[in-house]
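Structure first, then comments.
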Amino acid sequence: MAMVDEPLYPIAVLIDELKNEDIQLRLNSIRRLSTIARALGEERTRKELIPFLSDNNDDDDEVLLAMAEELGVFIPYVGGVEYANILLPPLETLCTVEETCVRDKAVDSLCRIGVQMREKDLVEYFIPLVKRLAAGEWFTARVSSCGLFHIAYPSAPETLKTELRTTYSQLCQDDMPMVRRSAATNLGKFAATVEAAHLKADILSIFEDLTQDDQDSVRLLAVEGCAALGKLLEPQDCVTHILPVIVNFSQDKSWRVRYMVANQLYELCEAVGPEATRSDLVPAYVRLLRDNEAEVRIAAAGKVTKFCRILNPELAIQQILPFVKELSTDSSQHVRSALASVIMGMAPVLGKDATIEQLLPIFLSLLKDEFPDVRLNIISKLDQVNQVIGIDLLSQSLLPAIVELAEDRHWRVRLAIIEYIPLLASQLGVGFFDDKLGSLCMQWLNDKVYSIRDAAANNVKRLAEEFGPDWAMQHIVPQVLDMINNPHYLYRMTILHAISLLAPVLGSEITCSKLLPVVINASKDRVPNIKFNVAKVLQSVIPIVDQSVVEKMIRPCLVELSEDPDVDVRSFASQALQSIEQVMMSS
């Protein structure tokens with residue numbers, strides 16, 4: 001009897017757990033659907049499990065989301081693509097629920113299944129499903145249907161194709177803005193599957209309706225459609241149909257629509273060709289750079305380098321650069337910050353002479369900006385300008401900005417500048433660095449904020465890697481080792497951390513002669529935290545130095561620490577001694 005009942009057990013567990021009051025049990029059960037399906041076998045999965053799931057779709061959104069996700073990969077468990085249509089009913093129901101993320105996941109899963117389905121099954125099962133959803137009484141079904149047309153359309157016979165295009169057109173004129181939004185979002189994907197002849201006749205008329213929608217949320221999604229359609233049409237058709245729309249959108253009464261245009265404009269330049277770009281898109285872009293809404297100016301400023309790359313340098317200098325200068329003194333710090341993050345990329349586009357004459361004054365004014373993020377954005381992209389004009393011209397203005405940022409009262413600003421110091425060091429060269437920035441790097445090791453001290457220790461290591469052990473021995477090591485006598489134990493700990501980072505870079509000889517004596521001396525410190533950090537540093541240098549040094553200097557120190565009154569000191573010292581034994585055994 002037990003043998004007969006056993007196959008029923010998984011489905012019984014599933015049903016019990018799916019009806020359990022505890023949501024976590026129901027979730028776990030849904031996430032184990034594939035295991036249960038394997039236990040049941042393909043036939044029983046088709047006949048029992050899938051109908052059961054179709055009937056049990058009135059649950060928490062979290063459970064329904066997991067169900068929608070699981071069903072998308074369920075084709076192997078129902079017997080392969082010939083039975084894929086079995087999975088459509090439960091997903092169709094999930095496409096009508098109120099929660100957006102469940103509907104979106106159900107549409108994703110239907111698309112995954114639809115791509116694998118046989119053509120005759122698509123015509124028999126998938127296309128009717130799309131039509132049912134598109135005619136749904138409740139708006140949620142109609143919203144979901146828009147994301148399925150691009151799967152259904154290619155396999156449809158000619159008569160059905162005409163019907164699908166008409167249906168999509170009706171969805172674009174739906175009473176509910178949410179449906180029109182979904183239609184606008186998916187128009188590009190649907191258009192990509194439509195034949196060229198119908199693209200101009202049907203899709204462009206649908207697109208024009210969306211661009212004149214009274215809801216700005218629909219119009220701004222139509223802007224994305226401009227870029228998608230632009231790639232599908234011939235340049236001449238782009239100029240005729242898409243260009244006027246974009247030019248109108250760049251003057252739309254809603255700032256959100258203008259914001260989308262500012263983000264997408266450079267993509268359309270390629271679609272319409274150089275002539276239309278010069279005559280129509282450049283003036284539209286200039287309007288966006290001067291928009292009265294800061295958000296639009298931020299989006300436009302962030303794309304200035306990409307836009308200039310499409311134009312020739314003369315056009316960029318004549319028509320774009322004057323307004324870039326305006327933006328560099330914009331009243332909004334966020335606009336200036338967006339400009340600073342990309343303006344350095346204009347140097348390679350404009351060439352050396354134009355960069356020195358036109359861009360350099362803008363860089364310098366942004367380097368003196370009162371807002372730290374603006375200055376940081378310029379300094380972080382310095383290498384792009386350095387390649388074009390060399391560092392000499394920049395360094396005179398650069399230094400005051402770096403010093404100011406290095407001493408900024410906000411610790412996150414100080415942290416950001418530390419991270420750029422190795423990059424600056426490699427660009428400025430060792431001579432400039434020694435004169436101007438060396439003392440700053442030492443100053444950060446004594447900062448009040450731990451994150452700054454930790455970053456400063458890493459910075460010292462990266463500088464030693466950049467300029468080599470001999471330079472580090474002359475300019476870093478003596479100053480770092482002097483700081484081990486700082487009266488505050490936290491600063492002494494930072495120096496121990498810096499030593500552990502420097503040792504692998506400087507090599508065995510300098511470690512033994514200069515660093516080790518300082519670390520061993522620190523083991524006599526009265527603060528336990530220093531002593532157990534000494535044990536950690538000694539453990540890290542064991543692989544770097546010779547065995548004789550380990551026996552002569554490191555082991556006696558660790559033996560002494562292993563008898564310390566403090567339990568943590570003893571623990572770390574014992575770990576380090578074990579490391580010595582392991583190294584000896586392996587050698």
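The values are calculated or read from the model by the stated rules, or taken from the named source; none is laboratory data. These figures come from a predicted structure and were not determined experimentally. Backbone-built Cβ (ideal geometry, glycine too); neighbour counts: all protein chains shown. Keep in mind that these areas ignore ligands, DNA and RNA; they rest on the heavy atoms of the full protein, side chains included. Shrake-Rupley method; radii C 1.70, N 1.55, O 1.52, S 1.80 Å.
Calculate, for Glu21 and Val115, the FRET efficiency according to 1/(1 + (r/R0)^6) with r their C-beta to C-beta distance and R0 51 Å; round to the nearest 0.05. Show your work: numbers first, answer last.
Working: r = 38 Å, r/R0 = 0.74.
It comes to 0.85.
When only C-alpha pairs under 8 Å and at least 6 residues apart count, what is the relative contact order of the chain, in percent? Before the final figure, lay out each step's value.
Details: 711 pairs, mean separation 29.0, N = 587.
RCO, the chain: 5 percent.
Only residues of segment 169-208 count here: report those whose backbone N is under 11 Å from the spot 7 Å along Cα→Cβ of Glu137, or say none.
none
Report the local net charge at Ser571: Lys and Arg +1, Asp and Glu -1, summed over other residues whose C-beta lies under 13 Å from its C-beta. Don't jump to the answer; show the numbers that get you there.
Details: positive: Lys531, Lys536, Arg570; negative: Glu563, Asp564, Asp566, Asp568.
Overall, the nearby charge balance is -1.
Need one word for segment 548-587: rounded, prolate or oblate. Basis is the Cα gyration tensor (sqrt eigenvalues a ≥ b ≥ c); a/c below 1.5 gives rounded, then a/b vs b/c decides. Working shown, then result.
Working: a/c = 4.21, a/b = 1.67, b/c = 2.53.
Note, shape of segment 548-587 comes out oblate.
Mean residue ellipticity at 222 nm from the helices of the chain, using -39,500 (n - 2.57) per DSSP H segment of n ≥ 4 over the full residue count, to the nearest 500 deg cm²/dmol?
Details: 38 runs with 393 residues, N = 587.
Roughly -20000 deg cm²/dmol at 222 nm, from the helical runs in the chain.
Can you give the translational diffusion coefficient of segment 479-586 in µm²/s, computed by Stokes-Einstein from the Kirkwood radius over Cα pairs at 20 °C and 1.002 mPa s?
Working: Rh = 13.6 Å.
Estimated via Stokes-Einstein, D reaches 157 µm²/s.
Enumerate the helices in the chain for which the Kyte-Doolittle hydropathy averages 0.5 or more and the C-alpha atoms extend at least 18 Å along the helix's axis, using complete DSSP H runs. Provide the component values of the computation, followed by the final result.
Working: long enough: 100-116 (25 Å, 0.14); 158-171 (20 Å, -0.89); 177-191 (20 Å, -0.12); 216-232 (24 Å, 0.85); 255-272 (24 Å, 0.09); 391-406 (21 Å, 1.38); 411-436 (28 Å, 0.54); 450-467 (26 Å, -0.56); 489-506 (25 Å, 1.35); 528-541 (20 Å, 0.34); 567-586 (29 Å, 0.29).
Span-like helices, by this rule, are 216-232, 391-406, 411-436, 489-506.
I need the phi-derived Karplus couplings for segment 320-332: 6.51 cos²θ - 1.76 cosθ + 1.60, θ = phi - 60°, integer Hz, Gly and Pro marked x.
Ordered by residue, 3J(HN,Hα) equals 9, 4, x, 7, 5, 4, 4, 5, 5, 10, 4, 5, 8 Hz.
Give the separation of the Cα centroids, segment 177-237 to segment 254-276, in Å.
After rounding, the separation between the Cα centres reads 15 Å.
Accessible area per residue of segment 479-586 at 1.4 Å probe, in Å²?
Numbers: 5280 Å² over 108 residues.
In whole numbers, segment 479-586 has 49 Å² accessible per residue.
Segment 125-177: which GluC sites (Glu not before Pro) are DSSP loop and have at most 15 other beta-carbon atoms within 10 angstrom? Display every interim value, and only then the final one.
Working: sites: Glu137, Glu158, Glu163; in loops: Glu137.
When the GluC sites (Glu not before Pro) of segment 125-177 are filtered for loop state and at most 15 Cβ neighbours within 10 Å, Glu137 remain.
At what distance in angstrom do the alpha carbon centres of segment 522-587 and segment 109-142 lie from each other?
Result: 69 Å between the Cα centres.
On the accessible surface of segment 442-587, probed at 1.4 Å, how many percent belong to carbon and sulfur atoms? Don't skip to the answer; put the middle values down first.
Values: 3650 of 7070 Å².
That share works out to 52 percent.
Could you sort Thr45, Thr159 by accessible area so the largest value comes first, with the probe set to 1.4 Å? Intermediate values should be presented prior to the final figure.
On the way: Thr45 0, Thr159 115 Å².
Sorted by accessible area, descending: Thr159, Thr45.
Do you know the relative contact order of segment 260-382, to the nearest whole percent, from alpha carbon pairs under 8 angstrom that are 6+ apart? Write down the numbers at each step before the final one.
Working: 126 pairs, mean separation 28.8, N = 123.
So the answer I get is 23 percent.
Return the FRET efficiency for the residue pair Asn446, Glu98: r is the Cβ-Cβ distance, R0 is 60 Å, and the value is rounded to the nearest 0.05. Provide the component values of the computation, followed by the final result.
Values: r = 59 Å, r/R0 = 0.98.
The calculated FRET efficiency here is 0.55.
Classify the chain as rounded, prolate or oblate, taking a ≥ b ≥ c as the square roots of the eigenvalues of its Cα gyration tensor: rounded when a/c is under 1.5, otherwise prolate if a/b is larger than b/c and oblate if not. Walk me through the numbers on the way to the answer.
Numbers: a/c = 3.19, a/b = 1.37, b/c = 2.33.
Oblate shape, in that a/c is at least 1.5 and b/c is the bigger or equal ratio.
Quick one: grab the alpha carbon gyration tensor of segment 151-299, order the square roots of its eigenvalues as a ≥ b ≥ c, and give me rounded if a/c is under 1.5, else prolate or oblate depending on whether a/b is larger than b/c. Could you put the intermediate results ahead of the total?
Numbers: a/c = 2.68, a/b = 1.52, b/c = 1.76.
Note, shape of segment 151-299 comes out oblate.
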